[in-house]
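J.: What follows is a single structure, and I will ask about it in a moment.
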Amino acid sequence: MANLQVRDIDNRLYESLKRRAELEHRSVSQEVVMIIENHLKRDNLESELQTLEFLKLTNSWHDNKNAKDIISDIRSSRSRNNRSRITDELFD
């Protein structure tokens, strides 16, 4: 099992950890491990939920057109511009 050493902890933070550990009947070291584990689990759960929401959205667009028609619609909706023309204006 790995060891982790943390230096320069503010006294107030350490006392807070110590009180929390006492309330949970754990050592300070055990409490810190629990805090880290819970934080990482929560991050993983949030990430999973965000992924599920994204996957729901990816399936939300239904269209009866085939790929050729969709491409044609996209191309026809594009506006023509003259990027190559030279002007004296800063922004046209």
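J.: Kindly evaluate His39 against the criterion of being at positive phi and not charged (D, E, K, R).
T.: Values: at positive phi: no; not charged (D, E, K, R): yes.
Here the answer is no, as His39 does not meet what is asked.
J.: Related question: Taking the options Leu90, Leu49, Leu40, Leu57, name whichever one is out of contact with any Cys (no Cβ under 8 Å at 6 or more places or on another chain), in a helix (DSSP H, G or I) and at pLDDT below 85. Don't jump to the end; show me each part of the working.
T.: Values: Leu90 fails: in a helix (DSSP H, G or I); Leu49 fails: at pLDDT below 85; Leu40 fails: at pLDDT below 85.
Answer to the check: Leu57.
J.: Part of a helix (DSSP H, G or I), surrounded by 10 or more Cβ atoms within 10 Å (Cβ to Cβ) and at pLDDT below 85: does that describe Asp69?
T.: Numbers: part of a helix (DSSP H, G or I): yes; surrounded by 10 or more Cβ atoms within 10 Å (Cβ to Cβ): yes; at pLDDT below 85: no.
So Asp69 fails the test.
J.: Inside the stretch 11-37, can you point out the residues that are open to solvent by 80 Å² or more (accessible area, probe 1.4 Å) and in a loop (DSSP other than H, G, I, E, B)?
T.: Once the filter is applied, which keeps residues that are open to solvent by 80 Å² or more (accessible area, probe 1.4 Å) and in a loop (DSSP other than H, G, I, E, B), the stretch 11-37 yields Glu24, His25.
J.: Output the qualifying pairs, or none if there are none: Cβ atoms under 8 angstrom, residues six or more apart or on different chains, first residue in the stretch 49-68 and of a type outside the set (Ser, Thr, Tyr), second residue at pLDDT 80 or above and in a helix (DSSP H, G or I).
T.: Listed by first residue and then by second, the contacts come to Asp63/Ile70; Lys65/Asp73.
J.: Being open to solvent by 80 Å² or more (accessible area, probe 1.4 Å) and under 14 Å from the mean Cα position of the chain (by Cα) is the filter here; which residues of the stretch 38-66 pass it?
T.: Scanning the stretch 38-66 gives Leu40, Arg42, Asn44, Leu45, Glu46, Glu48, Leu49, Gln50, Leu52, Glu53, Phe54.
The values are calculated or read from the model by the stated rules, or taken from the named source; none is laboratory data. A quick note: this is a predicted structure, and the numbers were derived from the prediction, not measured. For neighbour counting, all protein chains shown are included, and Cβ atoms are generated from backbone atoms with ideal geometry for every residue, glycine included. With ligands, DNA and RNA removed, areas are computed over all heavy atoms of the protein, side chains included. Shrake-Rupley method; radii C 1.70, N 1.55, O 1.52, S 1.80 Å.
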